[in-house]
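**Student:** Dumping the structure here so I can ask a few things about it.
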Amino acid sequence: MTSQFTQQNVDVLIIGAGPSGTMAACLLQQQGIKVLVVEKQTFPRFSIGESLLPQSMEFLEKADMLAAFEDDKFQFKNGAAFRCGDQYTEFNFTEKFSPGPGTTYQVQRANFDKNLADIAQKKGVEIRFQHEVLNVTPDSKTPNATIKSAQGQLYQVNAKFILDASGFGRVLPRLLDLEYPSDFPIRKSVFCHIQDNIDDNTFDRNKILVTVHPSHKDVWFWSIPFANGTCSLGVVAEPHVIDQLEGSSQDKLFALIGQTPTLAHLLTNAKVITPVQEITGYSANVKSLHGDGYALLGNAGEFLDPVFSSGVTIAFKSADMAAQLVCQHLAGLPVNWQTDYAEPLKKGVDTFRTFVNAWYDTRFQDIIFFEQASSEVRAMICSILAGYAWDTNNPYVAQSERRLGVLAEICKAN
């Protein structure tokens, strides 16, 4: 390594080149801010979280990153469908309450994330792949990080601010002892990609399909169709439900599918095309989303649950909010990261949290399968499912717990 890399000064150091990192980098680059992104892995790399929400499109447009969809043929997405036995319902995101885009895409994240990183690099953002952050020293004026290159050499980056966009790597939470237990029960996910070979004409490839296990209502499957005839397939359950089954991870996944007749029929001709993987205890939280000279973005801060595909939307939202505040900080303007970032970001995250809790205690299932629901209420619910969890004009955002609880009681009583 040449001496120029022994110590380097930048305006902003971003840890991680995933969606939140590249989004923040592009937004800062627009303002002429010198950004360095360091990424431990190489791209393309596999990641789950493949069903985007329409709210994401606003952030991608703002950052001039919509070209991410041009090079690869990603699957158009206009809504979400839910099935439990003979019950079926679907939400068309163009019929939502909140203004904004009503369609988006379902993406293989390996290609999508690489596209985002490529766009950032074309805009002049420096991204160093296979560079690992080993240590961070927080400081309100000049935080710094010790980084190891792909060749194993160490160097230091001095920044005016650091953004942790490391996702499930959760670099700063680990290094700075910020980890805080999630209040969600521990759950396990088993997943893979399949050649789905679905020949059922009623199956809508423009929507993610969430299927509920017929006898365990807190066990659910995702089916995310891609444009090339493949599909992301996974199950979420408490670990004991999966662990009591015999055989490999693939055996367990398809044993649970076999217990779910509608999904088993749909996937009669499916062929597994990637290794079946497992993740346990993925929900995470932190003591604080910010500190002296740093802030956490997306999954580096908090991850709830995959059921409503909120991860990338929260990542983009946090990147957009943080980038604006970093600009103010670098301009010498006062920034209160708690009131200007953590609390407003948490408002939308807590809306998703309410819906996730209601999903697993089955209140939300009672709501979505209720046949007499008003179109106005469904439009408000649809907005949350489309990612507009920060629209406080929506009563189910402004008072999510109370509104959802009352609605569930009405549906159950009728």
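What follows draws every value from the coordinates through simple rules; no lab data is involved. Please read these numbers as outputs of a predicted model, since none were measured by experiment. Note: ideal-geometry Cβ built from the backbone for every residue, glycine included; neighbour counts use all protein chains shown.
**Student:** Between helix 19-30 and the chain, what is the angle of the helix's C-alpha long axis to the longest principal axis, kept within 0 to 90° and rounded to the nearest 10?
**Tutor:** The helix 19-30 is inclined about 50 degrees to the chain.
**Student:** Only bridges whose two residues both fall in the chain count here: according to DSSP, what percent of them are antiparallel, nearest 5?
**Tutor:** DSSP beta bridges in the chain are roughly 65 percent antiparallel.
**Student:** In terms of modelled amide H atoms, which long-range or inter-chain residues lie less than 5 Å from the amide H of Val286?
**Tutor:** It is Tyr180, by chain and number.
**Student:** Zone of Val406 (label point 7 Å along Cα→Cβ, backbone N under 15 Å): which residues in the range 359-379?
**Tutor:** In the range 359-379, the label zone of Val406 (backbone N under 15 Å from the point 7 Å along Cα→Cβ) covers 374, 377-378.
**Student:** How much length is gained if the chain between Asp139 and Lys287 is pulled fully straight, taking 0.36 nm per residue apart and subtracting their Cα-Cα distance, in nm to one decimal? Before the final figure, lay out each step's value.
**Tutor:** Details: separation 148, 0.36 × 148 = 53.28 nm, distance 1.78 nm.
Between Asp139 and Lys287, full extension yields an extra 51.5 nm.
**Student:** Quick check on the range 188-280: what does the Kirkwood estimate of hydrodynamic radius come out to from the alpha carbon pairs, in Å?
**Tutor:** 13.2 Å
**Student:** Using a 10 Å cut-off on Cβ atoms, rank the peptides 159-168, 396-405 from the highest mean neighbour count down.
**Tutor:** Answer by packing, highest mean first, reads 159-168, 396-405.
**Student:** Okay, moving on. Work out the P(r) tail for the chain: percent of alpha carbon pairs separated by more than 33 Å, whole number.
**Tutor:** 33 percent
**Student:** Moving on. Which order results if His240, His193, His216 are arranged by neighbouring Cβ count within 10 Å, fewest first?
**Tutor:** Ordered from fewest to most neighbouring Cβ atoms within 10 Å, His240, His193, His216 come out as His240, His216, His193.
**Student:** Charges at C-beta only: +1 for Lys and Arg, -1 for Asp and Glu. How large is the resulting dipole of the chain about its Cα centre, in Debye rounded to 20?
**Tutor:** Around 600 debye, computed over the chain.
**Student:** Which chymotrypsin sites (Phe, Trp or Tyr not before Pro) in the range 203-247 sit in a loop by DSSP (not H, G, I, E or B) and have at most 16 other Cβ atoms within 10 Å of their own Cβ?
**Tutor:** Phe203
**Student:** Label point 7 Å out from Val272 along Cα-to-Cβ: which residues of the range 170-213 have amide N under 19 Å?
**Tutor:** Only 188-198 fall inside the zone, counting backbone N under 19 Å.
**Student:** Another question, then. Beta carbons within 10 angstrom, averaged per residue: use that to sort the peptides 289-302, 376-389, highest first.
**Tutor:** The peptides rank, most packed first, as 289-302, 376-389.
**Student:** Additional query: The range 260-414: D in µm²/s via Stokes-Einstein (Kirkwood Rh, Cα pairs, 25 °C, 0.890 mPa s)?
**Tutor:** Diffusion coefficient, whole number: 137 µm²/s.
**Student:** Tell me which trypsin sites (Lys or Arg not before Pro) from the range 197-236 have a DSSP coil assignment and no more than 16 other beta carbons within 10 Å of their own. Write down the numbers at each step before the final one.
**Tutor:** Numbers: sites: Arg205, Lys207, Lys217; in loops: Arg205, Lys217.
Counting only loop positions with at most 16 other Cβ atoms within 10 Å, the trypsin sites (Lys or Arg not before Pro) in the range 197-236 are Lys217.
**Student:** Now a separate question. Based on DSSP H runs of at least 4 residues, each adding -39500 (n - 2.57), what is the mean residue ellipticity at 222 nm of the chain after dividing by all its residues, to the nearest 500 deg cm²/dmol? Each step should come with its number before you reach the end.
**Tutor:** Values: 13 runs with 133 residues, N = 414.
Helix contribution divided over all residues of the chain: -9500 deg cm²/dmol.
**Student:** Now, a different point. Can you compute 3J(HN,Hα) from phi for each residue in the range 190-202, using the Karplus curve 6.51 cos²θ - 1.76 cosθ + 1.60 with θ = phi - 60°, rounded to whole Hz and x for Gly and Pro?
**Tutor:** 10, 7, 6, 10, 10, 7, 6, 6, 6, 10, 7, 5, 7
**Student:** If you take the charge dipole of the chain about its Cα centre, with +1 on Lys and Arg Cβ and -1 on Asp and Glu Cβ, which of Ala284, Ala300, Ala413 is farthest toward its positive end?
**Tutor:** Of the candidates, Ala300 comes out farthest on the positive side.
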